[in-house]
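S.K.: Following this message is one structure expressed as C-alpha cells.
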C-alpha cells in the first residue's frame, strides 16, 4: 500500500511542479506581450489542474506519514 501511495505522491509532485511552471511562465509571457487572453485562459483552464495536483500531493504526503518506512536488513560481518 505504501508503494502505491508513494507512487501517487511522486507523480502528483512532478505534475504540479511541471504544470505550475508552465502556468507561471505562460502568464508571465502573456503579461509581457500584453496578451490578456493568455493570462485568463491559463487561469481558467490550467490553474484548476495545478491546484488539484497540489491537493493530491498534499493528501498523499499526509497519508505517507502513517506508513512506516521499510526496514533494510543489514548483514553482519
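Where a number appears in this text, it was derived from the coordinates with a stated rule and is not lab data. Remember, it's a predicted structure, so these values are computed and weren't measured experimentally. With ideal geometry, Cβ positions are generated from the backbone for all residues, glycine too; neighbour counts draw on all protein chains shown.
S.K.: With respect to residue 47, is the statement that it is in contact with a helix residue (DSSP H, G or I) (Cβ under 9 Å, 6 or more places away or on another chain) and either exposed (fewer than 14 other Cβ atoms within 10 Å of the Cβ) or under 23 Å from residue 70 (Cβ atoms) (or both) true?
M.R.: Judged against the criteria, residue 47 is not a match.
S.K.: Can you give me the number of residues within region 21-34 that are in contact with a helix residue (DSSP H, G or I) (Cβ under 8 Å, 6 or more places away or on another chain) and loosely packed, with under 14 Cβ neighbours inside 10 Å?
M.R.: 3
S.K.: Is it the case that some residue within region 61-75 is without any contact (Cβ under 8 Å) to a residue 24 or more places away in the chain and surrounded by 13 or more Cβ atoms within 10 Å (Cβ to Cβ)?
M.R.: No: region 61-75 contains no residue that is without any contact (Cβ under 8 Å) to a residue 24 or more places away in the chain and surrounded by 13 or more Cβ atoms within 10 Å (Cβ to Cβ).
S.K.: Conditions: (1) loosely packed, with under 14 Cβ neighbours inside 10 Å; (2) more than 17 Å from the chain's Cα centre (by Cα); (3) assigned to a helix (DSSP H, G or I). Residue 18 meets all but one. Number of the miss?
M.R.: The number of the failed condition is (2).
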